[in-house]
Amino acid sequence: MNASLRGGTAVEVDRTRLLEVRDIVKRFQGVAAVDRATLNVADGSITALIGPNGAGKTSLFNIVSGFARADSGSVRYRGRSIARLPPHRVARAGLVRTFQQPRVLRRLTVLDNLLLAGRRQPGESFWRALAPGAGRRDRELRRRALELLALVRLEDRADAYAGVLSGGQRKLLEFVKALMAEPLLVLLDEPLAGVNPTLRELLLQRLREVRAGGGITFLVIEHDLGSVMRVSDEVAVMSQGRVIFQGPPDATRRDPAVIDAYLGSADAIVGSGTPG
Amino acid sequence: MLDPGFWTFVGLTAGIYAIFALGLQVQYGLAGLLNFGHVASMAIAAYTMAILVVRFGLSEWLAAAFGIGAAVAAGLLVGLTSLRLRADYFAIVTICFSEIVRYVLLNRQDLTGGPEGTIGLLGRGQAAAYNTDWEGLVGRVREMVSSGTGVEVSRDVLMLFLIWLVAAALLLVVRRVSVMPWGRVLRAIREDEEAASSVGKDVFARKLQALALGAAIAGGAGVLYALQFSFFTPDDFEPLVTFFAWVVLILGGAARVSGVPLGALMFGLLFAGTRFFDFWPLSLLDSADRAYLRLIIIGLLLIGLMYYRPQGLLGRRQEMLLE
Ligand SMILES: Nc1ncnc2c1ncn2[C@@H]1O[C@H](COP(=O)(O)OP(=O)(O)OP(=O)(O)O)[C@@H](O)[C@H]1O
Ligand SMILES: [Mg+2]
């Protein structure tokens, strides 16, 4: 029974809508980067978010993850409004985002980058860090972190500073860092950009495996339409701040509005075309 | 230079600065907070203790604890109001705060004794002391040592021993927590606050905690300073003292906790050693000018260090170069 108690009354949580974004508006100096965007992410799905450069995809991620405040509109996650939560509370609720420009911590080792994201670490409290036994959880997390590194073939870089990783490797680290945080919903901002084709395939395959095995839902911004259409259950298309379409991949390719605004342009695949 | 009194003085200076700078190490070295008003914690703890003992008749132990508590409270006040500012604005707030503290100490003569310092705490003509019990205890310990082992230890040597004992204990504590997940969170915040908050770390609370811990440690240094020197004035808490803590940190290597005692020893040597620059040609300068010389020498040494070892004596160079 998926009900949560709020204000004393039971509220039904719609399992098919893990994330509900309604009429989000975000203006920068009067220009609407996000303009009444509405979007649903079904529990257990891989949902793609595509659209030309500057469509407002990253801005929408920033709002959902608590890094920016919307001017209006609502964001509900597991039936609760999260529009006013600060980023760390959003992440603790299981909604974890990655950044378009990977934000790995360069002066921490690759392994420490992952350990940082681990949950329930008694050693993070000052007093408990002083007490003996705080290292036990660290060893558990270490095992999990090494598994995740192996998943993206970074296990032999575990002890290197993250600052020496290549751009593509940082993307991969950013991806597994999100998984390390035991998320329910992961927002990936262009996880494939700058990653070589072989690793791309690997990453996509991992995405499907993780989704199937761990009950993790993904919302993925991506310009590589070929790849993303193959793995996703749903596709949402953004253009000029609005979500102009949401539906299964096949229907996306046929939708006149999408073709008009996005797919129609010659360079749709790289997404650099100006919207219609 | 072979005079044991000289070396005791070097050791005492170094010990107090080791503790004082350790507080800054927690704030800057771990959490990346630019605190340019660190001396305020020391001043607040020392003065709170002295005032509570002399004016309110509190026991010295309790007063010392309240002194450290007051330093923490002041740190929290500054943090709660200003930690959300950008790093450089925060730095400006801290230096302003420490100057405000010093000016209050100078001007609220009725409460603090004013420019004359703690000796004037009871007003003119009545010398006030806040460490009678402490000196009594130190005297008894000296007697015990001499009757037990037959060795005569001077008061200052005993203080030296005690101060370094405290310094070592605090260093071990800070070192321990800095290698635990607690320290990892702070290092992450220091490098990229948004990245840390994206994996669920409460950046503001963590920074506040580091600020409070650093203030508590500096407050401890203030109490020890007060006990060692028996009397102090607002001039003992000039911004220069904060600057000296930064010197200690930079000498040792800001990223390493273990660099702090080494930096403090070097600083103590420079600080005390330049008093003895009385040989030719420096003997041509009068003693006031020679006091300035020590600042010049410290400055030159820092420039040299930045050139040859920008990471400090014990820092890791590799870490500095990561892009
Ligand atoms: N902080 C900001 N200040 C001003 N304008 C901004 C800001 N952030 C985003 N914008 C503008 O909002 C629009 C949407 O940007 P956003 O980064 O969300 O696009 P995007 O869909 O992620 O594009 P891309 O695919 O290139 O990453 C752009 O025109 C951008 O210039
Ligand atoms: Mg973007």
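The values are calculated or read from the model by the stated rules, or taken from the named source; none is laboratory data. Only a predicted model underlies this, so the values are computations on that prediction, with no experimental measurement involved. Cβ placement follows ideal geometry from the backbone for every residue including glycine, while neighbour counts extend to all protein chains displayed.
Applying a threshold of 8 Å to beta carbon distances and a minimum spacing of six or more residues, or different chains, the list of pairs starting in the stretch A:168-183 at a residue that is under 11 Å from residue A:99 (Cβ atoms) and ending at one that is outside any helix (DSSP H, G or I) and of a type in the set (Phe, Trp, Tyr) reads A:174/A:99. Once the stretch B:169-188 is narrowed to residues that are free of Cβ contacts under 8 Å to residues at least 40 places away in the same chain and of a type in the set (A, V, I, L, M), the residue that is nearest to residue B:10 (Cα to Cα) is B:169.
For the residues A:54, A:73, the requirement of being at pLDDT below 95 and within 13 Å of ligand 1 (Cβ to nearest atom) singles out A:54. Among the residues of the stretch A:39-51, those that are within 16 Å of ligand 1 (Cβ to nearest atom) and either among the polar types (S, T, N, Q) or in a strand (DSSP E or B) (or both) comprise A:39, A:47, A:48, A:49, A:50.
Quick one: would you say residue A:148 is more than 12 Å from every other protein chain (Cβ to nearest Cβ), in contact with a Lys or Arg (Cβ under 9 Å, 6 or more places away or on another chain) and not in a loop (DSSP other than H, G, I, E, B)? Walk me through how you get there before you give the answer.
On the way: more than 12 Å from every other protein chain (Cβ to nearest Cβ): yes; in contact with a Lys or Arg (Cβ under 9 Å, 6 or more places away or on another chain): yes; not in a loop (DSSP other than H, G, I, E, B): yes.
Yes.
Within the stretch A:116-145, residues that are touching a residue at least 24 places away in the same chain (Cβ under 8 Å) have Cβ atoms under 6 Å from residues that are surrounded by fewer than 18 Cβ atoms within 10 Å (Cβ to Cβ) in these pairs: A:119/A:182, counting only partners at least 6 apart in sequence or on another chain.
For the residues B:218, B:226, B:167, the requirement of being assigned to a helix (DSSP H, G or I), more than 14 Å from every other protein chain (Cβ to nearest Cβ) and in contact with a His (Cβ under 7 Å, 6 or more places away or on another chain) singles out B:218.
Counting only strands (runs of 3 or more DSSP E) that sit completely within the stretch A:173-254, those holding 1 or more residues that are away from ligand 2 (no atom under 16 Å from the Cβ) and aliphatic (A, V, I, L, M) correspond to A:185-189, A:234-239, A:242-247.
Based on this model, can you work out whether residue A:182 counts as within 11 Å of another protein chain (Cβ to nearest Cβ) and in contact with a strand residue (DSSP E or B) (Cβ under 9 Å, 6 or more places away or on another chain)?
yes
Can you tell me which of A:204, A:192 is surrounded by 20 or more Cβ atoms within 10 Å (Cβ to Cβ) and within 16 Å of ligand 1 (Cβ to nearest atom)?
Details: A:204 fails: within 16 Å of ligand 1 (Cβ to nearest atom).
Just a single option satisfies the conditions, and that option is A:192.
For (1) surrounded by 23 or more Cβ atoms within 10 Å (Cβ to Cβ); (2) outside the structural domain of residue B:126 (by TED's automatic domain parsing); (3) not charged (D, E, K, R), each residue gets a yes or a no:
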residue	(1), (2), (3)
B:191	no, no, no
B:201	yes, no, no
B:222	yes, no, yes
B:227	no, no, yes
B:230	no, no, yes
B:233	no, no, yes
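Restricting to the stretch A:59-73, give me the number of residues that are within 13 Å of chain B (Cβ to nearest Cβ) and of a type outside the set (Gly, Ala, Ser).
Initially, the stretch A:59-73 is screened for residues within 13 Å of chain B (Cβ to nearest Cβ), giving A:61-62, A:64-68.
Restricting the remaining residues to those that are of a type outside the set (Gly, Ala, Ser) gives A:61-62, A:64, A:67.
Result for the stretch A:59-73: 4.
Only one of the numbered conditions (1) within 16 Å of ligand 2 (Cβ to nearest atom); (2) without any contact (Cβ under 8 Å) to a residue 24 or more places away in the chain is violated by residue A:30, and that is (1).
Consider residue B:207 carefully, then state whether it is facing chain A (nearest Cβ under 10 Å) and touching an Asp or Glu at 6+ places or on another chain (Cβ under 9 Å). So that I can check it myself, show each step before the final result.
Working: facing chain A (nearest Cβ under 10 Å): no; touching an Asp or Glu at 6+ places or on another chain (Cβ under 9 Å): yes.
For residue B:207, the condition - facing chain A (nearest Cβ under 10 Å) and touching an Asp or Glu at 6+ places or on another chain (Cβ under 9 Å) - is not met.
Within the stretch A:57-70, take every residue that is more than 7 Å from ligand 1 (Cβ to nearest atom) and in a helix (DSSP H, G or I) and give me the one that is nearest to residue A:238 (Cα to Cα). Walk me through it before giving the result.
Here is the first cut: in the stretch A:57-70, the residues more than 7 Å from ligand 1 (Cβ to nearest atom) are A:61-70.
From what is left, the residues that are in a helix (DSSP H, G or I) are A:61-64.
Numbers: A:61: 12, A:62: 15, A:63: 15, A:64: 15 Å.
It comes out as A:61.
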